[in-house]
1. Which residues, taken from the range 281-302, are in contact with a strand residue (DSSP E or B) (Cβ under 6 Å, 6 or more places away or on another chain) and not in a loop (DSSP other than H, G, I, E, B)?
2. Restricting attention to the range 84-121, report how many residues are among the β-branched types (Val, Ile, Thr), touching a helix residue (DSSP H, G or I) at 6+ places or on another chain (Cβ under 7 Å) and assigned to a loop (DSSP other than H, G, I, E, B).
3. Looking at (1) over 17 Å from the mean Cα position of the chain (by Cα); (2) under 27 Å from residue 79 (Cβ atoms); (3) among the basic types (Lys, Arg), can you tell me which one residue 349 breaks?
4. For the range 86-107, state whether one or more residues are more than 25 Å from residue 386 (Cα to Cα) and touching a Lys or Arg at 6+ places or on another chain (Cβ under 8 Å).
5. Could you count how many residues in the range 100-150 are within 9 Å of ligand 1 (Cβ to nearest atom), more than 30 Å from residue 43 (Cα to Cα) and hydrophobic (A, V, I, L, M, F, W, C)?
6. Of all residues in the range 326-349, count the ones that are assigned to a helix (DSSP H, G or I) and of a type in the set (A, V, I, L, M).
7. Run down 153, 204, 169, 127 and say which single residue is under 28 Å from residue 81 (Cα atoms), within 16 Å of ligand 2 (Cβ to nearest atom), over 13 Å from the mean Cα position of the chain (by Cα) and assigned by TED's automatic domain parsing to the domain that holds residue 372.
8. Looking only at the range 228-269, count how many residues are in a loop (DSSP other than H, G, I, E, B) and more than 16 Å from ligand 1 (Cβ to nearest atom).
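The values are calculated or read from the model by the stated rules, or taken from the named source; none is laboratory data. Computed from a predicted model, the values in this text were never measured in an experiment. Methodologically, a virtual Cβ is constructed for each residue, glycine included, from the backbone with ideal geometry; neighbour enumeration extends over all protein chains shown.
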Amino acid sequence: MTRHLSSFEFMQSFSTKLETALQNLSIAQYPPDARREMRRLSSAEVASLLDVSEAYIRQIVAKDKGPQPDTQNGRRTYSLEQLLELRMALSEKGRKKYMNPRRVEGEECQIIAVTNFKGGSSKTSTTIHLAHYLAMKGYRVLAVDLDPQASLTALHGNLPDFDPREGDTLYSAIRFESPVPTSQLIHETHIAGLDVICAGLDLTEFETAVALEMRQGGGTSFLLRVSQALEQVANDYDVILMDSAPSLNFLTLSSLTAATGVIIPVPAHMLDVDSTGKFLELASSYMQILSEMGSSAEWDFAKFLVTKFEPNDHPQANMTALMRQVFGEHLLLNMVNKSTAVADALTWKQSLYEVQRSRFSAPKTYDRAIESINAANQEIEKLLWAAWGRE
Ligand SMILES: Nc1ncnc2c1ncn2[C@@H]1O[C@H](COP(=O)(O)OP(=O)(O)O)[C@@H](O)[C@H]1O
Ligand SMILES: [Mg+2]
């Protein structure tokens, strides 16, 4: 019997149909001309982000020394840009050290790879929440999407000047033939302080390009491609975050070489932990080969982060205990809890920091979720400070 289903036609037909359907959906949700906007922040939030009292901010505003908030029904709100302005105004007075937390001379741009080869381990969620947290805290952040599936990219809606078909991804800067300057690939987002480099399918071309390059005697020089590309723009940022593809390929290896720190998100499930073990095994065998060839990577830190944690689930508690025993200080103390608030926000293509609390039918759920994400992010922020040698 002859088989009648052509693999090519099957793949091609559904790739086209699916792409069109998803594109229509995305256009309906985010019309191309609709610029995404960050919500406004309440004065309580602003005070908390600046670590000063609301009364103090009111004083500054009354003295005309800071940006004027919008007032509606007696409630003051600030834009993220105004928060930044306020932060800079306060830092000039120098009352609080690091009110402006940007790095200074001698402090190196931190490049953090969020990685694990298991799909669904919260890499993208971890990256976007860390990126938004750091931007709101006043850092200059660049998020680089290294997953051809482009989930992180999609979280920014339609960027006015990005077309995934134009090959406008980091691949353009890391390819061996006529790479473009990295600065050409950077897009501003609707979050003040956060820029992105988008992802697309052409990132996969790096794999064949490296294979070819190695055959032509290129050795391990491919490992330096990501770091060479990021170095060009590192001066403009305090932190560069890389969201990885769920695979351990040349691109991931090159990003691990560029990294100064690594975060490995792991759900506390047997299968995820097992898969993480395999990831480490494979990574270590690659690293060994590379280091024998004279290309080793050194980091300031590498930490596991338990994600999607359910405190009332016994097997997960046991798995977490096991991880704590095995990983010791390399497991972050704070865990990110599983929450419908996070899942909902991500379906709306937003981080929890972007969504209005009032949009959730159960605001308490939101409060608990953001509390656990804030705690993990704060712990990671401390790692940056330690790398910078701050007390
Ligand atoms: N803390 C969380 N609570 C609930 N759902 C989550 C949480 N973090 C991630 N998810 C969900 O898990 C899925 C995978 O997350 P994602 O960040 O895309 O993982 P990865 O990038 O590793 O593939 C997504 O559907 C996301 O909505
Ligand atoms: Mg992802």
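1. Passing the criteria: 301, 302.
2. Taking the range 84-121 as the starting set, the residues that turn out to be among the β-branched types (Val, Ile, Thr) are 104, 111-112, 114-115.
Okay, now just the ones that are also touching a helix residue (DSSP H, G or I) at 6+ places or on another chain (Cβ under 7 Å), so 111, 114-115.
Restricting the remaining residues to those that are assigned to a loop (DSSP other than H, G, I, E, B) gives 115.
Counting residues in the range 84-121 that are among the β-branched types (Val, Ile, Thr), touching a helix residue (DSSP H, G or I) at 6+ places or on another chain (Cβ under 7 Å) and assigned to a loop (DSSP other than H, G, I, E, B) gives 1.
3. All conditions pass for residue 349, except number (1).
4. yes
5. Residues that pass the stated criteria total 1.
6. Restricting attention to the range 326-349, the residues satisfying the condition of being assigned to a helix (DSSP H, G or I) are 326-330, 340-347.
Now restrict to residues that are of a type in the set (A, V, I, L, M): 326, 341-343, 345-346.
Count: 6.
7. That would be 169, the only listed residue that is under 28 Å from residue 81 (Cα atoms), within 16 Å of ligand 2 (Cβ to nearest atom), over 13 Å from the mean Cα position of the chain (by Cα) and assigned by TED's automatic domain parsing to the domain that holds residue 372.
8. Kept after step one, since they are in a loop (DSSP other than H, G, I, E, B), are these residues of the range 228-269: 232-233, 237-238, 244-249, 259-260, 268-269.
Filter once more, keeping what is more than 16 Å from ligand 1 (Cβ to nearest atom): 232-233, 237-238, 259-260.
Total satisfying the criteria: 6.
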